Amino acid sequence: MKQLSTDHLLGIKYLKKEDIDLIFNTADHFKEVINRPIKKVPSLRDITIANLFFENSTRTKLSFELAEKRLSADIINFSASQSSVKKGETLIDTVNNILSMKVDIVVMRHPNVGAGVFLSKHVNAKIINAGDGAHEHPTQALLDSYSIKETLGTVKGKKVVIIGDILHSRVALSNIFALQLQGATVKVCGPTTLLPKYISSLGVKVETNLKKALAWCDVANVLRVQHERMDIKYFPSIREYTQLFGINKEILDSLGKKIVIMHPGPINRGVEITSDVADSKQSIILNQVENGVAIRMAVIYLLAQQIKK
Ligand code: CP
């Protein structure tokens, strides 16, 4: 059986194209499974997984939990806000205490960049990064590419624009790595204050005119403005941001072609995207969420195959 080339899923930058192909082929199988009347397989009955969330999440947390249950793994859930982290316990102490309960795989979301890499060097378990600060969110990028492939038949050769707050986005960085690995061309579009200075070094072109960016692309992946990561003002007002970078039906209709609209969630309706676009036939936002379960089942299953019992 084919195996992943990495011991953990810490970021897309550690993956090869063959790893993405393997994850997608495995996800195809699990997508068929989760659409059966009996949605569960006994594959991981001997595996225990800890979901450690040091930062808020709706989609990623529920999606991982459902993926683990569909694979019949035993799971324990940890949320920092209700834990002894509040009493000053360190990350390593917290995780080592959890691992002494014989945990095989740790899924972790953490506000600090590199938290997953740090953990992988200090604990004896498979680590899956569920988002580390403004760095990487690998399973989101995998489910995004998988959804593009499902909708357009391939990722190779497609033009994808990522719109909005690129500076604070782990989704943007992981998507850039994943899309380029599969042969897509990527542009970013947003206020210059929300575009990282290093962006062109990643082989990504910048377009600050939204209409031109949309006219160029096959797919627009729209991001949320991450106010919680901003300690200064990056643009004059939400109203101005929406006027310049908000996606609405009028601008899409003016393109004379149908592009695919994506959003990783959570959506700020009426800010970066209007409801009539988010809920339109052009939008694959809920397909992304559905595909997230199959992708996470695939990643967990493939990493579990490397565990020797
Ligand atoms: N897309 C995403 O990561 O959403 P959550 O923050 O709700 O998990």
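The values are calculated or read from the model by the stated rules, or taken from the named source; none is laboratory data. Quantities reported herein were computed from a predicted structural model and do not represent experimental measurements. Glycine gets a Cβ as well: all are built from the backbone with ideal geometry, and neighbour counts include every protein chain shown. Calculation scope for accessible area: heavy atoms of the full protein, side chains included, ligands and nucleic acids excluded. Shrake-Rupley method; radii C 1.70, N 1.55, O 1.52, S 1.80 Å.
At 7 Å along Cα-to-Cβ for each site, give me the label-to-label distance between residue 122 and residue 154 in nm.
4.5
So how much slack lies between residue 28 and residue 62, counting 0.36 nm per residue of separation and subtracting their Cα-Cα distance, in nm?
Between residue 28 and residue 62, full extension yields 10.2 nm more.
Relative to the present Cα-Cα distance, how much length would full extension add between residue 84 and residue 257 at 0.36 nm per residue of separation?
Length gained between residue 84 and residue 257: 56.9 nm.
Based on a Kirkwood Rh over C-alpha pairs, give the Stokes-Einstein translational diffusion coefficient of the chain at 4 °C and viscosity 1.567 mPa s in µm²/s.
65
Which residues does the label zone of residue 215 cover in the range 252-289, counting backbone N under 18 Å from a point 7 Å along Cα→Cβ?
Within reach of a label on residue 215, which here means backbone N under 18 Å from a point 7 Å along Cα→Cβ, the range 252-289 contributes 252-260.
About its Cα centre, what dipole magnitude does the chain give when the only charges are +1 on Lys and Arg Cβ and -1 on Asp and Glu Cβ, stated in debye to the nearest 20?
So the dipole magnitude of the chain works out to roughly 360 debye.
I want the antiparallel fraction of DSSP beta bridges within the chain, as a percent rounded to 5.
Here the antiparallel bridges make up roughly 5 percent for the chain.
Using helices alone, I'd like the mean residue ellipticity at 222 nm for the chain: each DSSP H run of four-plus residues gives -39500 (n - 2.57), total over residue count, nearest 500.
-11500 deg cm²/dmol
Report Rg (one decimal) and Dmax (nearest whole number) for the range 266-309, counting Cα atoms only, units Å.
Cα radius of gyration and Dmax of the range 266-309 are 16.5, 51 Å respectively.
Compute the relative contact order of the range 138-288 as a whole-number percentage, counting only Cα pairs closer than 8 Å that sit 6 or more residues apart in sequence.
So the answer I get is 24 percent.
If you roll a 1.4 Å probe over the heavy atoms of the protein chains, what accessible area per residue do you get for the range 102-178, in Å²?
I get 29 Å² per residue for the range 102-178.
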